[in-house]
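Q: Please read through the structure below; I'll follow up with questions.
The values are calculated or read from the model by the stated rules, or taken from the named source; none is laboratory data. Everything quoted here is computed from the prediction, not taken from an experiment. Here the Cβ is made from the backbone with ideal geometry for all residues, glycine too, and neighbour counts use every protein chain on show. Ligands, DNA and RNA are excluded from the accessible area calculation, which covers all protein heavy atoms including side chains. Shrake-Rupley method; radii C 1.70, N 1.55, O 1.52, S 1.80 Å.
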Amino acid sequence: MSPRPSTAHLRRPAILTAAAEVISERGVQNTRISDVAERAGTSAPGVLYWFPTKDQLLVEALQFSDDRFYANLTGELEQFATAAEKLGRMVELWPAEGDGETVLWMELWVRALRDPQLAATREGLDRRWRDAIADIIREGQASGEFGPADADDVALLLGAVMDGFAIQLALGDPAVTADTVKRHCLALAESRLR
Amino acid sequence: MSRERILDAAVARIAGDGIDAVRIARIAMDAGVSTALVHYHFATREALLAEALEYSFEHAADTRTVDTGELSSVERLRDMVEQCLPLPGAQERDWVLWVELWLRAVRHPELRPTAANLYARMHIWFVEAIHDGGFDCDADRVADRTLALMDGFGVRALLGDPDMPVERAREEVWAVLEADLGLAPAAHAG
C-alpha cells in the first residue's frame, strides 16, 4: 500500500480565503466552521485541523489577506515614479477598495476589546501597515520630495485618519466618498511632509 | 422609570460583554425587571444597542452643553476633544458601545440611521464651535477630519495600543485641529 501524497497544505489558503469571505459576510459570531469548510471544499475537521478556534480563523484569515495585500502592493507601487504618487495609491487601496476588509478589522477590534491576544495581533498588523507607509515616506525624503518630518509619526497619523474614514465609508455615510477621503488624507500628508 | 433602569443596565452590560454575547435576562436582572419587559421595550438586539447608544449619547450631551459660555473658543474645542477621548469611566464605556455599533451597523442596515445620526450630531457640534469661534477655515471639512482622527486614534487608545496611550491620542488630534483652525502651535498652551 503506497501512502497517498498529502494535499493538506494546499487546502490552507483555500480555507483562509473562504474564512475571510464568510466572516466578512456574517461575522465571527454567526460563522460556522462547516460553512467555511463547505466554501473551501473540505470538511469541518479539515478546517479544525488547521484552526482550532474561530478567533484563530479570523486572525489567520486577516493575516493571510494582509500578506496578499502586501504582495500586490509592491507591484502596484512600482508603476509610480514619485513617492507622493505611491502614497496616493496606498490611500486609495486602503479604505476605498477594502470594504470587506474593513469589516474584518471591525470584527478584530470588537473581539480585541475583550481578548489581549487579539489586541496584540491587531497591533502587529497595524504596525506592518504603518511601516509600509513610513517606508514610502522615507523614500520620498531620500529623493528630496518630502521634508524632514519623523516618518513614523506621519505614518501613525495617516494610518489613524485612514481608519477613521474607512469606518465612515463602511457605514455608508453619504457625506463621505472615497474621493473626499483621498483628498483629506493627502492634504494631511502634504502639510506634514513639506 | 423602568425604561431608564433597563437602559442603564444595558449600557453597562453591552460595554462589558459585547452586544453579541449580552444576555437579555441578565440586563433584566440588573435592572430589577422581568425579561418580558426588556423584550417589550426592545424587540431586537439592534433596537437595544441603538437605544442604549442614543441614551448614553444624550446623557453625555447633558454635560456637554454646560458652561460653554465661560470658555474661550479654543478652550471649548479642547474640551470637546477631551470629551471624545476614551478616558477611563463613562467615556471608555461609551467608546466600547461606539465600536460595537460600527460592526453591528455594517451588518444590520437598520442600524445605519442611528450611526449616521450620531455622526451628524457630532459633526454639527464641532461645526458650531468652529463657527462660534470665528475661525477662518472650512468648518465642515475640519469637523469631518477631526471626527475621523478621533475614531482612528480613539480606537487604538481604547484597545490599549502601547504606541497610542490616550495622552498621545489627545495630542495628535489637537495638533491637527489646531493647525486646521489656523492657530499657531504655541497658542494652545493656555
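Q: How many Cβ atoms of partner chains, on average, are near each residue of A:171-184 if near means within 10 Å of its Cβ?
A: If you average over the peptide's residues, the count of other-chain Cβ atoms is 3.
Q: Further question on the same structure: Along the Cα-to-Cβ line of A:Gln63, 7 Å from the Cα, sits a label point; which residues in the stretch A:30-57 have backbone N less than 18 Å from it?
A: Zone members listed by number: A:47-57.
Q: Another question about this same structure. Would you list the P(r) distribution for the protein assembly as shown, with all Cα-Cα distances sorted into 20 Å bins from 0 and each bin expressed as a whole %?
A: Reading the bins upward from 0: 26, 55, 18, 1, 0.
Q: Once you average over the residues of B:30-38, how many Cβ atoms of partner chains fall within 10 Å of each Cβ?
A: Taking the mean over all residues of the peptide, I get 0.
Q: Hey, another quick one. How big is the accessible area of B:Arg93 in square angstrom, nearest 10, if you roll a 1.4 angstrom probe over the protein chains?
A: Estimated to the nearest 10 Å², B:Arg93 gives 90 Å².
Q: Just by accessible area at a 1.4 angstrom probe, what is the order of A:Glu123, A:Glu38 from largest to smallest?
A: Largest accessible area first, the list is A:Glu38, A:Glu123.
Q: Further question on the same structure: Using a 1.4 angstrom probe on the protein heavy atoms only, could you order A:Lys54, A:Lys86 from most to least accessible area?
A: Solvent-accessible surface, decreasing: A:Lys54, A:Lys86.
Q: Right, another one. Give the average, rounded to an integer, of partner chain Cβ atoms located within 10 angstrom of each Cβ in A:152-162.
A: 4
Q: Okay, moving on. Can you compute the radius of gyration and Dmax for the stretch B:91-188, using only the Cα atoms, both in Å?
A: 14.8, 46
Q: Just need log10 I(q)/I(0) for chain A at q = 0.15, 0.18 Å⁻¹, Debye formula, equal scatterers on the alpha-carbon atoms, no solvent, rounded to two decimals.
A: Treating every Cα as an identical point scatterer, log10 I(q)/I(0) equals -0.94, -1.20.
Q: With a 1.4 Å probe and all protein chains in place, put B:Met1, B:Met164 in order of accessible area, largest first.
A: Ranked list, largest accessible area first: B:Met1, B:Met164.
Q: Per-residue ellipticity at 222 nm for chain B, helices alone: DSSP H runs ≥ 4 residues times -39500 (n - 2.57), over residue total, nearest 500 deg cm²/dmol?
A: Per the formula, -23500 deg cm²/dmol.
Q: At 1.4 Å probe size, with no ligands or nucleic acids counted, give the accessible surface of B:Arg121 in Å², nearest ten.
A: Probe radius 1.4 Å; accessible area of B:Arg121 about 70 Å².
Q: Could I ask something else about it? Taking Cα centroids, how far is the stretch A:156-194 from the stretch B:128-164 in Å?
A: Their Cα centres are 12 Å away from one another.
Q: Now for a separate question. What's the extension gain from B:Glu58 to B:Arg168 if we count 0.36 nm per residue and subtract their Cα-Cα distance?
A: 36.9 nm
Q: Rounded to the nearest 500 deg cm²/dmol, what is the calculated helix-only ellipticity per residue at 222 nm for chain A, with -39500 (n - 2.57) per DSSP H run of length n ≥ 4?
A: After summing the helix terms and dividing by the residues of chain A, the value is -24500 deg cm²/dmol.
Q: Next question, about the same structure. Work out, in µm²/s and without decimals, the Stokes-Einstein translational diffusion coefficient of the stretch A:113-194 at 10 °C, 1.306 mPa s, Rh from Kirkwood over C-alpha pairs.
A: Roughly 114 µm²/s, to the nearest whole number.
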